[in-house]
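Data first, discussion second: the structure below is written as structure tokens.
The values are calculated or read from the model by the stated rules, or taken from the named source; none is laboratory data. Just so you know, these numbers come straight off a predicted model, no measurement behind them. Please note: Cβ atoms are built from the backbone with ideal geometry, for glycine as well, and neighbour counts cover all protein chains shown.
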Amino acid sequence: MDDHKKNAGTDEVLAKIVKFSDKYRPIAEELHAIIIKEAPTAEPRLWYGMPGYALSKDGPVVLFFREDKYISFGLTENANVSVDGLTENAWFLTSLDDASKQKIASIIRSIL
């Protein structure tokens with residue numbers, strides 16, 4: 001996280017993550033770190049009040065997460081995905097084990 005260039009969007013996203021519940025804040029922090037690691041040029045910003053990430057400074061948000069009953073992690077219609085019929089674009093998380101981290105990293109790499 002520290003290697004990523006600080007900008008207003010990063011500050012806003014990190015401030016939002018701090019407001020997550022004690023139960024889900026560590027997951028949100030880890031999601032942010034995974035996103036920045038897998039997409040180092042990603043531009044964090046708040047998107048409809050949620051942490052969102054664009055692939056370039058002026059580009060549209062392509063992925064996001066939020067806290068509701070669970071953590072929701074999802075892709076927007078701007079993500080580079082192959083849509084054929086019913087396509088997965090959102091997932092619920094209550095924990096983040098190694099397998100989940102690997103799947104999320106793979107999802108992020110697939111939209112670059």
- Item | Filter result (crowded, with 19+ Cβ neighbours inside 10 Å and out of contact with any His (no Cβ under 9 Å at 6 or more places or on another chain)) within the stretch 56-92 | VAL61, VAL62, LEU63, PHE64, ARG66, GLU67, ILE71, PHE73, LEU75, ALA79
- Among the candidates LEU86, LEU96, LEU63, single out the residue that is more than 9 Å from the chain's Cα centre (by Cα), in contact (Cβ under 8 Å) with a residue 40 or more places away in the chain and either farther than 14 Å from ILE107 by Cα or assigned to a strand (DSSP E or B) (or both). LEU96
- Message: Let me confirm something: among ALA8, ALA28, which residue is among the hydrophobic types (A, V, I, L, M, F, W, C) and modelled with pLDDT under 95?
- Response: ALA8
- Item | Among the residues listed as THR76, THR41, the single one being in contact with a Pro (Cβ under 8 Å, 6 or more places away or on another chain) and among the hydroxyl-bearing types (Ser, Thr, Tyr) | THR76
- Task: Would you check which residues across the stretch 93-105 are among the hydroxyl-bearing types (Ser, Thr, Tyr) and exposed (fewer than 14 other Cβ atoms within 10 Å of the Cβ) and list them?
- Result: THR94, SER95
- Go through the stretch 66-83 residue by residue and tally those that are closer than 22 Å to LYS19 by Cα and part of a loop (DSSP other than H, G, I, E, B). 3
- Being among the small types (Gly, Ala, Ser) and surrounded by fewer than 18 Cβ atoms within 10 Å (Cβ to Cβ) is the filter here, so list the residues in the stretch 15-55 that pass it. ALA15, SER21, ALA33, GLY49
- Query: Just one of GLY9, GLY49 is touching a helix residue (DSSP H, G or I) at 6+ places or on another chain (Cβ under 8 Å) and in contact (Cβ under 8 Å) with a residue 24 or more places away in the chain; which is it?
  - Reply: GLY49
